[in-house]
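As structure tokens, the structure follows; a few thoughts come after it.
The values are calculated or read from the model by the stated rules, or taken from the named source; none is laboratory data. Keep in mind it's a predicted model, so treat the numbers as computed, not measured. Methodologically, a virtual Cβ is constructed for each residue, glycine included, from the backbone with ideal geometry; neighbour enumeration extends over all protein chains shown.
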Ligand code: PXP
């Protein structure tokens, strides 16, 4: 399984002081050296952490940039001119601390189909951040997505609750969605709330192409350094 690191968290620390430190691009250089497969940045409408300049620099220095974004016309325009390897479309709410759930594909079906077509014309892979259920996989395929990133946040919360029944239920739900998505020709990623412990049940699933991880890796980097944190996670995958 490949690993993409989300560097929004570095920008979040920078924005607490607005003094240009620490910089996501410096973390990206370390991550690339540690053998990361991709870098993810979420350019939010309100620019609360990363900004347009981060996106430009990261596109220039990273092997594979995944731009996470809402279905917002201004950000779509930036994505089209930046041409990252991949975009991941996510729902965005002004008050949320982090992305809280998957995209409502049925609600934005027409716009999604149009935008996905435009991105694919530019040879940008399109991933949709979605809930792990069959109907959503079918809708993702219908609107033309290349990839589904299955939201693992509910599973991560179940893991924290230590409730075995809840954990098993979420693992099964994700595994079923992985197998179904793969069977209808979608590439499968997972992300949100993943850690070195809770990723174990999925680590050897060959149908999952990539894990997208931010908070845990940046947190572990405080204790052990970014290079070690990435290497530790990569060993498990
Ligand atoms: N994938 C998506 C679509 C996300 O929105 C996020 C959070 O920014 C992540 C993965 C990474 O989640 P975490 O920071 O909990 O590892």
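Report yes if residue 117 is away from the ligand (no atom under 14 Å from the Cβ) and in a helix (DSSP H, G or I), otherwise no.
In short, yes.
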Of the numbered conditions (1) more than 9 Å from the ligand (Cβ to nearest atom); (2) under 12 Å from residue 2 (Cα atoms); (3) in contact with a helix residue (DSSP H, G or I) (Cβ under 9 Å, 6 or more places away or on another chain), residue 213 satisfies every one except a single condition; which is it?
(1)
Which numbered condition residue 98 fails, given (1) over 29 Å from residue 46 (Cα atoms); (2) touching a residue at least 60 places away in the same chain (Cβ under 8 Å):
(1)
In the list 93, 63, which residue meets the criterion of being farther than 23 Å from residue 193 by Cβ, modelled with pLDDT under 95 and in a loop (DSSP other than H, G, I, E, B)?
63
Please enumerate the residues belonging to region 36-60 that are assigned to a loop (DSSP other than H, G, I, E, B), on the phi < 0 side of the Ramachandran plot and either under 12 Å from the mean Cα position of the chain (by Cα) or within 15 Å of the ligand (Cβ to nearest atom) (or both).
36, 37, 43, 44, 45, 46, 48, 49, 50
Search result, residues across region 1-27 that are in contact with a strand residue (DSSP E or B) (Cβ under 9 Å, 6 or more places away or on another chain) and either under 20 Å from residue 237 (Cα atoms) or assigned to a loop (DSSP other than H, G, I, E, B) (or both)
1, 2, 3, 4, 5, 6, 7
Quick check, is residue 220 within 23 Å of residue 65 (Cα to Cα) and outside any helix (DSSP H, G or I)?
no
Residue 28 being touching a residue at least 40 places away in the same chain (Cβ under 8 Å) and over 15 Å from residue 87 (Cα atoms):
no
Just one listed residue, out of 198, 175, is within 11 Å of the ligand (Cβ to nearest atom) and either at pLDDT below 95 or surrounded by 14 or more Cβ atoms within 10 Å (Cβ to Cβ) (or both), and it is 198
Cβ pairs under 7 Å, 6+ apart, first in region 34-47 and more than 17 Å from residue 87 (Cβ to Cβ) and in contact (Cβ under 8 Å) with a residue 12 or more places away in the chain, second in a loop (DSSP other than H, G, I, E, B) and away from the ligand (no atom under 12 Å from the Cβ):
46/94
